[in-house]
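Student: Quick one: the structure is below, and I'll ask about it shortly.
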Amino acid sequence: MTLSSKQVARFQSLFNHTPPDIDVLMDECYHERVLFRDPLVERRGTESLAKYLRAAYVNVTSCEFDFGEPASNAHSVMLPWSMTLEHPKLARGRSFFVEGVSLLQGQDDLIVFHRDYYDAGELLYENIPVLGRIIQWIRSRAV
């Protein structure tokens, strides 16, 4: 079973607050047995996911998503996005962009599976002062 367009819109709305209201997000969007994966972590259950999201947003100055048009079938919703992030320890505190896509699967109109696909280097490694220069140098040699 897929997610309703209303539920996908609620998900988008809740993630466009800095920080998002994690309790409301868990209660209204995620199934208690959710499996969340991204390039950095895997979390099972709303308690574990809530703990991860709270920690991820602790120092975030600003985080906004520009969501594209969702594509769905009977089992999944693919939701493209561009994120503008500002964090004092990344990119010298300046805003930067990361593009990605979320794969969402539902049960009882709640998200039971959430997988984010994005370039972890673009999000994290390239925006750490010394490591970022090394990663950029390596990428320049790879082409």
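The values are calculated or read from the model by the stated rules, or taken from the named source; none is laboratory data. These numbers were taken from a predicted model, which means no experiment stands behind them. With ligands, DNA and RNA removed, areas are computed over all heavy atoms of the protein, side chains included. Shrake-Rupley method; radii C 1.70, N 1.55, O 1.52, S 1.80 Å.
Student: With a 1.4 Å probe and all protein chains kept in place, how do 23, 119 rank by accessible area, largest first?
Tutor: On the way: 23 90, 119 55 Å².
Result, largest first: 23, 119.
Student: Still on this structure, I have one more. Whose amide H sits under 5 Å from the amide H of residue 34, counting only residues 5 or more places off or on another chain, with H placed in the peptide plane?
Tutor: For residue 34, the qualifying residues are 45, 46.
Student: For the range 16-71, what % of the accessible area comes from carbon and sulfur atoms, probe 1.4 Å?
Tutor: Summing carbon and sulfur atoms, their accessible area is 44 percent of the total for the range 16-71.
Student: Which of the three applies to the range 1-74, rounded, prolate or oblate, going by the alpha-carbon gyration tensor with a ≥ b ≥ c and a/c under 1.5 meaning rounded?
Tutor: Values: a/c = 1.66, a/b = 1.21, b/c = 1.37.
Cα axes put the range 1-74 in the oblate bin.
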